[in-house]
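Just so it is clear, none of the values below were taken in a lab; they were calculated from the coordinates. Values in this document were obtained by computation on a predicted structure and should not be read as measured data. Backbone-built Cβ (ideal geometry, glycine too); neighbour counts: all protein chains shown.
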Ligand SMILES: CC(C)(COP(=O)(O)OP(=O)(O)OC[C@H]1O[C@@H](n2cnc3c(N)ncnc32)[C@H](O)[C@@H]1OP(=O)(O)O)[C@@H](O)C(=O)NCCC(=O)NCCS
C-alpha cells in the first residue's frame, strides 16, 4: 500500500490558498500534465480560475519542489473534484492520497458535506486513491465510475 511518510530529507506540504509563487508552480505542473497546451493559456486559465470563489486548488510540494496538484469546483452544493495529478517520477508513493485527504479536509472546513469525482473505469490508480480515501464508487455510464464521499 502506497503511503507517504515524511523523512529527514523529504517533507510533503499541501497548500490550498495559492500565492503568486504557488500559481507559477501549478502552471509548471499543469504544463507537464497537458504537454500540448500552450503555457500562456494555462496561466490565463489559472489566473481567471483563482479569482473564482467556486474553484479550489491544492498544490503538493516535497521540500520546495512542486510534485502534484488538484482542483475542484463547487457544483450543486458539492465539491466536484476535476483533476488530480502527480509527477510521473513521484507516483505510487502515497502523494495522490495525501492530496485527496487534503481535499476532503478543506471541503469540510469550507462547510461542504459532499465530494464527488468522475473517474474513467480504466484509471486504476485514481480508483485506488478514491477507494483508499473512503469514497463509494458506482458505475456511471459504460466507462466511468462516480466516486462520492460524505464529510
Ligand atoms: C492518479 C494519480 C494522481 C495517483 O497519484 P499517486 O501519487 O501515484 O497515488 P498514491 O501513490 O497515493 O496511490 C496510488 C494507488 O494506485 C495504485 N496503482 C497505481 N498504478 C496502478 C495500476 N496501473 N494498476 C492498479 N493500481 C495502480 C497503487 O497501488 C496505489 O494504491 P494502493 O496504495 O492501494 O496500493 C497519478 O497516478 C496521476 O497523476 N495520474 C495521471 C493523472 C490522472 O490520471 N489523474 C486522475 C484522473 S483526473
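Computed FRET efficiency, Cβ-Cβ of residue 2 and residue 137, R0 25 Å: what is it to the nearest 0.05?
Working: r = 18 Å, r/R0 = 0.74.
Efficiency for this residue pair is about 0.85.
Run a plain Debye calculation on the chain (Cα atoms as equal point scatterers, no solvent) and give log10 I(q)/I(0) at q = 0.11, 0.12, 0.22 Å⁻¹, rounded to two decimals, same order as the q list.
Computed log10 I(q)/I(0) values: -0.41, -0.49, -1.57.
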